[in-house]
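The values are calculated or read from the model by the stated rules, or taken from the named source; none is laboratory data. Given the structure is predicted, the values throughout are model-derived calculations rather than measurements. Quick reminder, even Gly has a Cβ in these numbers, built from the backbone with ideal geometry, and neighbours come from all protein chains shown.
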Amino acid sequence: MAIDHLSRRAMLGALASLPALSGLGALAGTREEFNAGLSKNPHLLGLANAKMESFDSGMKKLRGHLPSGLEGVLWRNGPAEHERFGDRYTHWFDGDGMVQAYTLSGDRVTHRARILDTPKRRRETREGRRYIPAFGTAGSGPMSGPDDMNVANTSMLFHAGQLLALWEGGSALEVDPETLGAGKFKAWHPELSGLPFSAHPRVEKDGTLWNTGAIFFPQEALLIYRIHQNGTIVKANLLDVGPMGIVHDFVVTSRHIVVLLTPLVIDPDLWSDRDVSFLDAHVWRPAYGTRVLTIDKNQLEIVRRHELPPGFHFHHGNGWEEADGTIHLDVCQAPGPEFVTRDMREVMCGQLNFSSAHPRYSSIVLPPRSGAEINVLAPGPVEFPRIDSRRTGQRHRMVFALTGDEVDGKWPFNRVIRIDPELGETDGWTYPGHQIPEEHVFVPAGPAEGEGWLLGPYLDVRRKATGLNVFNARHVSAGPLWEGILPYFIPLGLHGTFAAL
Ligand SMILES: [Fe+2]
């Protein structure tokens, strides 16, 4: 394994140079504000605290039959402890992670959920207070590295027989697949210990895994990982990319890794302010445009650069490339970052506004030499895109995602859709108004793209319970083949992954 370009010393500096942060002023009153908002708008239940640290139950069938052959586990992750010791976080992405396992076997679905007891959470438990800084909430140090604030709350990865809880800013956390208990932080190599391993790795059909990690100190640098199907690291490289902020997702093609750097970048002066959270240390610099980095998969070096108009991209669908080197990718693009920097704060304070311009599903074309273009594919807001993962890095015609009616004051996503990246929306099913759909994960059955099922968890705010729908992925508009409900609710989660039994 080789770590190239920037020195090990620079990477150690990334850990040692994190400033100690302090200041809890921004937290005052938000718990009361949230409860007042929840009493008026039941859709805010998704941002309430989990009622317990662990849950175990069977699912009660509401309708239909589980398809024969659908056997396995859907692991999901998301922030679930939004409040501890009376303090409420001020951003949706801050709370301690809760991992869930929906186990589908025979004609039954069982559910297990556990709060991940990370080193950060154990420190706060010992001290009896919530004080460590989070993604969008300022706090106090001292901090020896990113994992001191790692809440492991964003996604799950099952690779080479190992289950990992992922967060964007630090290491992956090992999780016991049976008990869902938290283990130790994963070190892919001693020299990579404690460095960020982001929450949206791309795994190709042969099991090769690619990932990024955004490092901000002592300077911005993008870490690229190539991991073998057997779970060992093949190569890593640290790239000097200039001004950089959140790098949440990326795509791979047959020959390249493609990363979009949005104009939302860290301002080092703001980050040194003791009362500013990591998110609030970002500034919007539209003059930077959107810088597109194309990285060679063998060398892990930047080989092409393109520029697009300024936009904010959180989640990507997939990428692929033609024989002449033309690269295609599809992404959720908003004109600015406000749905993350403002809307997802307001919901934590009991305000369900979602008044920002939401992401539109968009197609990007990068010709081999110069020029680049982006076009909107679907008219409404689109988020949580997932593909048939067997098509990772190859031309695809199916993306499964959430959309909605975009009514002010309502949760923006109430419909699951299938998008053809060349035609737009081609199929969909609308949830009842008292249900909030979460990310829907594709599970393959037959050999063709999209031949399989969609597993769709949802929050029923009327029942105050979490449910699960199973769709035929090629006939989403026919509605669920099977639907089950839990006797409790889990706060709205973020991402998940499925593994066959
Ligand atoms: Fe994400």
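Points to keep in mind about this one:
- A single member of ARG395, ARG369 is at pLDDT below 95 and touching a strand residue (DSSP E or B) at 6+ places or on another chain (Cβ under 9 Å), and it is ARG369.
- Pairs where the first residue, in region 197-220, is over 13 Å from SER155 (Cβ atoms) and the second is among the charged types (D, E, K, R) and within 15 Å of the ligand (Cβ to nearest atom), C-beta under 7 Å, 6+ apart: TRP210/ARG202
Matching residues to (1) surrounded by fewer than 22 Cβ atoms within 10 Å (Cβ to Cβ); (2) farther than 20 Å from PHE93 by Cα; (3) in contact with a helix residue (DSSP H, G or I) (Cβ under 9 Å, 6 or more places away or on another chain); (4) not hydroxyl-bearing (Ser, Thr, Tyr):
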| position | (1), (2), (3), (4) |
| --- | --- |
| GLN394 | yes, yes, no, yes |
| LEU402 | no, no, no, yes |
| GLU406 | yes, yes, no, yes |
| PRO412 | no, no, yes, yes |
| PRO437 | no, no, no, yes |
| ALA448 | yes, yes, no, yes |
| ILE485 | yes, yes, no, yes |
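- Residue check: ARG122 meets all listed conditions (1) surrounded by fewer than 21 Cβ atoms within 10 Å (Cβ to Cβ); (2) touching a residue at least 12 places away in the same chain (Cβ under 8 Å) but one, namely (2).
Let's see how each residue does on (1) closer than 22 Å to LEU494 by Cα; (2) not polar (S, T, N, Q):
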residue	(1), (2)
LEU66	no, yes
GLY69	no, yes
LEU74	yes, yes
ASN77	yes, no
GLU83	yes, yes
ASP96	yes, yes
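- Residue within region 225-232 that is surrounded by fewer than 20 Cβ atoms within 10 Å (Cβ to Cβ), outside any loop (DSSP other than H, G, I, E, B) and more than 15 Å from the ligand (Cβ to nearest atom) present: yes
- Remark: pairs (first residue in region 472-501, more than 14 Å from HIS111 (Cβ to Cβ); second residue surrounded by fewer than 20 Cβ atoms within 10 Å (Cβ to Cβ) and of a type in the set (Ser, Thr, Tyr); Cβ separation under 9 Å; 6+ apart in sequence or on different chains) = THR497/SER389; LEU501/THR103; LEU501/SER105.
- Count of residues meeting criterion [more than 16 Å from GLY169 (Cβ to Cβ), touching a His at 6+ places or on another chain (Cβ under 9 Å) and hydrophobic (A, V, I, L, M, F, W, C)] in region 221-236: 4
- Cβ pairs under 9 Å, 6+ apart, first in region 158-180 and under 21 Å from SER57 (Cα atoms) and at pLDDT 95 or above, second crowded, with 21+ Cβ neighbours inside 10 Å and small (Gly, Ala, Ser): VAL175/ALA152; VAL175/ALA165; VAL175/ALA182; ASP176/ALA182; PRO177/ALA101; GLU178/ALA101; LEU180/ALA101; LEU180/ALA113
- Test: residue in region 336-346 that is in a loop (DSSP other than H, G, I, E, B) and either surrounded by fewer than 16 Cβ atoms within 10 Å (Cβ to Cβ) or in contact with a Cys (Cβ under 6 Å, 6 or more places away or on another chain) (or both): no
- Filter result for ALA236 (within 16 Å of the ligand (Cβ to nearest atom) and at pLDDT 95 or above): no
- The set of residues in region 150-197 that are on the phi > 0 side of the Ramachandran plot and either within 16 Å of the ligand (Cβ to nearest atom) or crowded, with 24+ Cβ neighbours inside 10 Å (or both) contains only ALA152.
- Residue in region 138-145 that is more than 16 Å from the ligand (Cβ to nearest atom) and at pLDDT 95 or above present: no
Listed here are the residues, each with its yes/no results for (1) more than 16 Å from the ligand (Cβ to nearest atom); (2) closer than 25 Å to LEU402 by Cα; (3) outside any loop (DSSP other than H, G, I, E, B).
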{"position": "THR294", "(1), (2), (3)": "yes, no, yes"}
{"position": "GLY325", "(1), (2), (3)": "yes, no, no"}
{"position": "ALA357", "(1), (2), (3)": "yes, yes, no"}
{"position": "VAL365", "(1), (2), (3)": "yes, yes, yes"}
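- Taken over region 308-320, the criterion of being at pLDDT 95 or above and either of a type in the set (Phe, Trp, Tyr) or touching a Lys or Arg at 6+ places or on another chain (Cβ under 6 Å) (or both) is satisfied by PHE312, TRP320.
- Yes/no for GLY242 being exposed (fewer than 15 other Cβ atoms within 10 Å of the Cβ) and in contact (Cβ under 8 Å) with a residue 24 or more places away in the chain: yes
- Test: residue in region 286-293 that is more than 30 Å from ALA323 (Cα to Cα) and in contact with a helix residue (DSSP H, G or I) (Cβ under 7 Å, 6 or more places away or on another chain): no
- Qualifying residue in region 267-278 (condition: in a strand (DSSP E or B) and either touching a residue at least 40 places away in the same chain (Cβ under 8 Å) or among the charged types (D, E, K, R) (or both)): no
- Residue match in region 268-281 (condition: surrounded by fewer than 21 Cβ atoms within 10 Å (Cβ to Cβ), polar (S, T, N, Q), away from the ligand (no atom under 16 Å from the Cβ) and within 19 Å of GLY213 (Cβ to Cβ)): no
- Residue pairs whose Cβ atoms lie under 6 Å apart, separated by 6 or more positions or on different chains, with the first residue in region 245-256 and within 14 Å of the ligand (Cβ to nearest atom) and the second small (Gly, Ala, Ser), are VAL247/ALA214; VAL251/GLY319.
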